[in-house]
1. Which lysines, if any, have their Cα less than 20 Å from the Cα of LYS101, not counting same-chain residues under 8 positions apart?
2. Leaving out ligands and nucleic acids, note down the accessible area per residue over segment 380-467 with a 1.4 angstrom probe, in whole Å².
3. Using the beta-carbon distance between GLU532 and GLU437 and R0 = 25 Å, what value does 1/(1 + (r/R0)^6) give for FRET efficiency, to the nearest 0.05?
4. In terms of solvent-accessible area of protein heavy atoms at a 1.4 angstrom probe, what is the ranking of TYR265, TYR457, highest value first?
5. Using only Cα atoms, tell me the angle between helix 518-528 and the longest principal axis of the chain; keep it within 0 to 90° and round to the nearest 10.
6. Give the relative contact order (percent, whole number) for the chain; include only Cα pairs under 8 Å separated by 6+ residues.
7. Would you grab the residues whose amide H sits under 5 Å from the one on THR342? Only those 5+ places off in sequence or on another chain, please, with H modelled 1.01 Å from N.
8. Compute the separation of the alpha-carbon centres of segment 178-196 and segment 448-470 and state it in Å as a whole number.
Amino acid sequence: MQVSLVSTTPFPDQKPGTSGLRKKVKVFQQAHYLENFVQSIFDSLDIPTGAVLTLGGDGRYYNAQAIQTIIKMAAANGFSKVLVGRGGILSTPAASHVIRKYQTLGGIILSASHNPAGPDDDFGIKYNTPNGGPAPEKITEAIFTISKTILQYQLVDLPLVDLDKIGLTAFDGFSVEVIDPVRDYADLMESMFDFAAIRTLFANGFTMQFDAMHAVTGPYAQEIFAHRLGASDSSLMNCQVSETFGGGHPDPNLTYAEALVKIVYGSNPPDFAAASDGDGDRNMILGKSFFVTPSDSLAIIAANAHLIPAYKAGLAGVARSMPTSGAVDRVAKKMNIACYETPTGWKFFGNLMDADKVTLCGEESFGTGSNHVREKDGLWAVLCWLNIIAARKQSVEAIVRAHWAEYGRNVYSRHDYEGIPTEQANAVMAHLKAQFETLVGQTFGRYTVATCDDFSYQDPVDHSVSRGQGIRVLFQCGSRIIFRLSGTGTEGATIRIYLEAFEPDANQHHLDAQVALAEMIQLALKLSQLVEKTGRSAPTVIT
């Protein structure tokens with residue numbers, strides 16, 4: 001094969017965020033933009049003879065075109081083979097499993113996760129390492145450094161590969177294998193959970209509504225829930241993968257999964273409901289007119305993990321991102337296992353799992369997972385809940401309330417202010433930091449400030465340090481307010497405010513979180529002066 005060297009010039013904005021590089025489609029469609037970043041990934045790697053690359057994405061607009069380009073570049077850069085999901089489809093957790101199962105030299109995942117898709121919307125690309133997890137900061141920093149000086153990229157002029165046909169396409173010293181994107185992952189799930197008990201649950205009249213939000217998990221849900229577990233076809237909605245996600249916003253929360261929420265809070269709700277996001281790594285869990293916060297979901301899965309065959313021998317430990325509530329900490333303490341607090345971003349859990357320090361991990365941003373892969377996993381979380389319900393023979397609400405009665409309730413909410421001009425968002429964060437020395441010891445109503453800081457983390461495995469991970473205002477009673485700029489958007493900035501108060505009194509567990517946290521919400525706005533500095537009178541999303 002003849003390798004072509006194409007001259008290029010650097011782009012200044014190719015710094016990966018929390019999970020890869022995310023920009024508008026039109027940015028990626030600029031001449032050389034995609035190629036520059038892919039070449040920067042390849043230049044950061046030591047590619048041995050015989051190396052195989054995993055490749056796939058969430059099916060969003062521009063995925064198919066990008067895949068054809070990356071195949072040509074992989075051939076030019078010394079890979080011997082590319083494994084790609086049929087139709088260019090691989091959910092993020094499924095891609096992680098393929099990397100691990102077939103021991104490939106990592107993978108390129110094309111997704112902007114829960115962000116909207118379409119010609120005028122978002123696209124994303126990230127590299128996952130051979131352990132199946134997102135590249136750690138030392139690798140993403142190396143990629144960014146290369147992108148700032150790149151002067152050429154390599155490709156081979158290959159004919160287009162038929163991505164819709166499973167099988168091997170061979171070239172001179174290089175091949176592309178289109179694989180079933182669902183089977184390997186579904187087989188893994190069946191090996192981990194009590195499918196017989198869940199089948200019996202459905203056979204006995206248990207009802208479910210799952211919303212794939214026209215995103216990547218549609219085919220996976222059809223195979224697992226309908227074909228293998230016997231759920232009715234009517235229990236699945238929006239399972240046809242769309243390049244534009246049906247024109248929706250594939251973020252499984254109470255705001256963007258509005259159609260599912262209306263069913264759950266309607267006149268004849270199902271026993272159980274769930275949704276997943278664009279690339280399949282996030283989840284939302286609901287019962288009859290009842291929402292389970294992701295923080296509580298992680299804690300409840302940990303407390304009941306022994307009911308799931310894959311975890312019946314126990315958990316090595318658990319981990320949560322810093323903004324996630326401390327509910328799982330209480331479970332870990334009772335179980336006498338370690339609990340780690342990390343920055344936001346699944347890449348921080350990888351070292352802990354590889355070192356066998358933790359089994360379960362979770363983030364408040366609707367992501368939960370375990371060491372079966374190195375990504376959060378939406379359908380895995382749904383199966384955890386179905387397995388637990390089948391074993392306990394209780395409703396979702398009953399399971400949650402029993403958990404609160406035993407451990408207390410970490411009342412929790414997140415308020416997102418999306419699309420804020422970057423200068424205004426930075427002004428809010430600067431104002432908060434300027435108060436660090438004066439806030440400690442001050443009392444606001446029933447809350448007295450114990451300490452405040454900008455969270456930093458030292459990895460207990462490789463001892464790397466990550467700073468500037470979110471502003472924490474910690475109160476003497478154990479309550480917290482966290483302020484953080486999100487790294488998952490493509491324009492402007494998102495300020496996330498996380499609010500948490502521990503409530504041990506079961507008589508108060510019925511209160512809606514927004515009611516229970518009302519005083520703290522006002523305090524957060526007062527401390528940040530968010531309204532005054534941004535003009536935003538209400539959050540975009542409340543979860």
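1. LYS81, LYS126, LYS347, LYS376
2. Values: 3870 Å² over 88 residues.
With the other protein chains kept in place, segment 380-467 gives 44 Å² per residue.
3. Numbers: r = 22 Å, r/R0 = 0.86.
Between GLU532 and GLU437 the formula returns 0.70.
4. Accessible-area ranking of TYR265, TYR457, largest first: TYR265, TYR457.
5. In the chain, helix 518-528 runs at an angle near 60 degrees to the longest axis.
6. Details: 1200 pairs, mean separation 72.8, N = 543.
The normalised contact order for the chain reaches 13 percent.
7. ARG320, SER321, MET322
8. 37
The values are calculated or read from the model by the stated rules, or taken from the named source; none is laboratory data. Computed from a predicted structure; not experimentally measured. As a convention, Cβ positions derive from the backbone with ideal geometry for all residues, glycine included, and neighbour counts pool all protein chains shown. Each accessible area value is taken on the protein alone, full model and side chains, heavy atoms only, with ligands, DNA and RNA left out. Shrake-Rupley method; radii C 1.70, N 1.55, O 1.52, S 1.80 Å.
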